[in-house]
Structures are given as structure tokens and as C-alpha cells.
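What follows is a single structure, written as C-alpha cells, with notes after it.
Only the coordinates and a few stated rules stand behind these numbers; no lab work does. Predicted model, so just to flag it, every value in this text is computed and none were measured. Here Cβ is always computed from backbone atoms with ideal geometry, including for glycine, and neighbour counts include all displayed protein chains.
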Ligand code: SF4
């Protein structure tokens, strides 16, 4: 899913990131046909679904859901728009949802309202008899797209040649393709989430002297700094340059090699936004996600995963004020769910994750209608070999507890 631009390939998912950014507060779904007017390249649907109004889709979805009953479970990631998350049987971050999917042995169909790597993880962790469905196949993740399998394999080969006397342990963030998880599983590595990255680093340093961290350089750097590793001991591997853009000695000296990937949503937050929030809001507390840059993380009062942010806000004092550095659909929802607190997004431009936003109710309606008719559309199936090794890397993560 990559296009060639002047210097190097940028994932389409990254290019389309700003398609639905706006400056007013309203982020309400239109018909799918109208949303296509933003020039996005999403999966095409039959015209009848493209033109259905939000109310028609709502009736359709509720009707199909009733017929399907306990055969189906709908999972909704926290970053999904309100018009989709309202149908979710369970809400959560990627790991919580995959774990839930794995525990639902009697459910035939798992409809994952999230992005591609999440549906893959649910398929890996669930039974082979279950079907995992992603309502819109183009709902990828720009960060996961930044670590293409061939580039990572090249990096892995080069690194092991250069650093032949030491052991490099690969760690991949959950937000990566099944191929990358499998590469980690096959080569003594592990998967991590934003809440257990530190434990995964400890696990890796017990087994090797260096870490290759994929694909989010910011989560990797923030975790390293948190553990007392100097930024001078971390290098960023640029897949478009020879040896990642480093001379061999630098790579031999480095403790952590960070893949040059980032989240298009969380890197929008800046220290200036934090300063502005503090200037205009007395006693504001700033909380950000660890996919933000190091300077933002250092300036914030709190840093943590999506679930951590949710909990910290829920447990906070009434009348407290919060500036949040994470995806806007979640920030808006937290604001609605905590009416006794003042909650706002650090970035005044309303900018949803463009790939999460690709799950429009029309897609959900279409896949559910298919199931009612006995037709499985948009199934996500990870091949046997990839499944085997990625499961090993995921199970190593589970053993961290
Ligand atoms: S918020 Fe960032 S990491 Fe999460 S799906 Fe969107 S682009 Fe990917």
C-alpha cells in the first residue's frame, strides 16, 4: 500500500491523513458517497450502500445484528468514530480487543472495527474455525505501512552481518503487520504494546545486548529514555539508505536501533501546543500517548497508553482540566463521558486517524448483511507459517505478566 513520491515511498495512508481534518468541532458522518468526495481511495461498495443515509444505515445494522444474534461479536477500537463505536459489543485498545476475540470461542464471526493489523492479530489469537472480518479492507495503519516486510528483512540481514558478535533482539510494537510479528517470533523476539514496552525491553536485554525496535521510533525512544538509556546510544534505521544511514561502528556502538516509523496522528502534537494549553488553562494537566515525540512526552505531566489515559481521566477529581494528546474521536468521547471535567485535545485542528475513520457505518452494514445472507466478505486470514511465528512472539508478550 505505498506510492512513490519524489524521494521515497510514503504510504497512501499517510498521504490521506489530513483528508478529514477540520477546524470546527463537528465530526459527523455523512453518506459514504459524500465522504468519498474528500478524494480518498477506500474500498468501493455497491451504490445502494454508498447512498444510504445515516438513519437508513442505523436501521439496517440494528436489524442485521438482531438476526445474527450470538453468532457475531462486533469489536470497536477506542479511535473509531461515534457512529461506529455505538454498535460495538466491546470497546478497547488493540490488545484488549484481540485478547477478547481469543476468549470468544463460541462466536462464529468477529467483526473488527479497527485497522488491518488488529484484525490480523485477532485472527492469529482466535481459533482457526472463527472468521475475522475487517469492514473496510483499506483500513490500514500508516505506521504499520512504514515497515514493509522486504525492508525489514534487509535491515535484519545487514544488522546481523555488521553486529555478528552480539545478539540483536527484535521487538515489534503491536501496530505492525503479521509478517513483522512473525519475523520477531522466528528470530527470538517479542511483540509489545504501549503499556508493556518497558517490560519487553527488559526481557530483550536479558537475552541480547541490542534491540531492533519496530516500527515506531517514538515509542522505542521514549521507552529507552524512560529506562535510562541515553539518546546517543539509540540510532534510527532509515530503510531508504545504505546500512540505515549509519557507518558500521555507530551500529556496533548502539544499544537500540529504532525503525524510522511514526504515527501520523500522535506526531501532530507539539511542545508549543502544551505551552499554549498551560497559558490559557490554569491547573491544566497534560496527558499524552507514548507515540508522541520525546520532547512532547518530556513536557507532558503524564504519559501512557490509551487505556491508561482513559483510566486516569475517569479516576481524576471533578472539575479538573485535561489537555490530551491522542486521537480526537477518543478525546471527544472522554469529554462526553466525563461531563464534570474540562477535557480538550492539545491540537485545535480536529484531525481523526484517517485509517480508523475508514470504517464508515456503510461498511459495517454491508459486511453484516453479507453474514445474514451466509456470505463472508472481507475476511482477514493470516497464512499458517506467519501465524505460527507471530503467535510465538505474541505469547512471549503474554508471558511478561
Ligand atoms: S492512530 Fe496512528 S498508530 Fe493508530 S492506527 Fe492511526 S496511524 Fe496507526
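General remarks:
- Along each principal axis, taking the top coordinate minus the bottom one, the Cα set of region 354-401 gives 39, 27, 18 Å in descending order.
- Highest average packing first - 128-136, 373-381, Cβ atoms within 10 Å: 128-136, 373-381
- Debye intensity ratio in log₁₀ form over the Cα atoms of region 266-345, taken at each q of 0.13 Å⁻¹: -0.33
- Over region 144-263, relative contact order from alpha-carbon pairs under 8 Å, at least 6 apart, %: 29
- Listed peptides 353-360, 243-250 by packing density, highest first (mean Cβ within 10 Å): 353-360, 243-250
- Relative packing of peptides 140-150, 112-122 - highest average C-beta neighbours within 10 Å first: 112-122, 140-150
- Ascending count of other beta-carbon atoms within 10 Å, so fewest first, for 181, 311: 311, 181
- The alpha-carbon positions of region 144-263 define a convex hull whose volume is 88 Å³ per residue.
- Region 108-212 has equivalent-ellipsoid semi-axes of 28, 15, 12 Å, by the square roots of 5 times the alpha carbon gyration tensor eigenvalues, sorted largest first.
- Stokes-Einstein diffusion coefficient of the chain, Kirkwood radius over Cα pairs, 25 °C, 0.890 mPa s, in µm²/s: 112
- Relative contact order of the chain, defined on C-alpha pairs under 8 angstrom at six or more residues apart (%): 22
- Rg/Rg_ref, region 116-159, where Rg_ref = 2.2 N^0.38 Å and atoms are Cα: 1.47
- Computed over region 195-248, the alpha-carbon pair-distance distribution with 5 angstrom bins reads 4, 17, 29, 26, 14, 9, 1, each value a whole percent.
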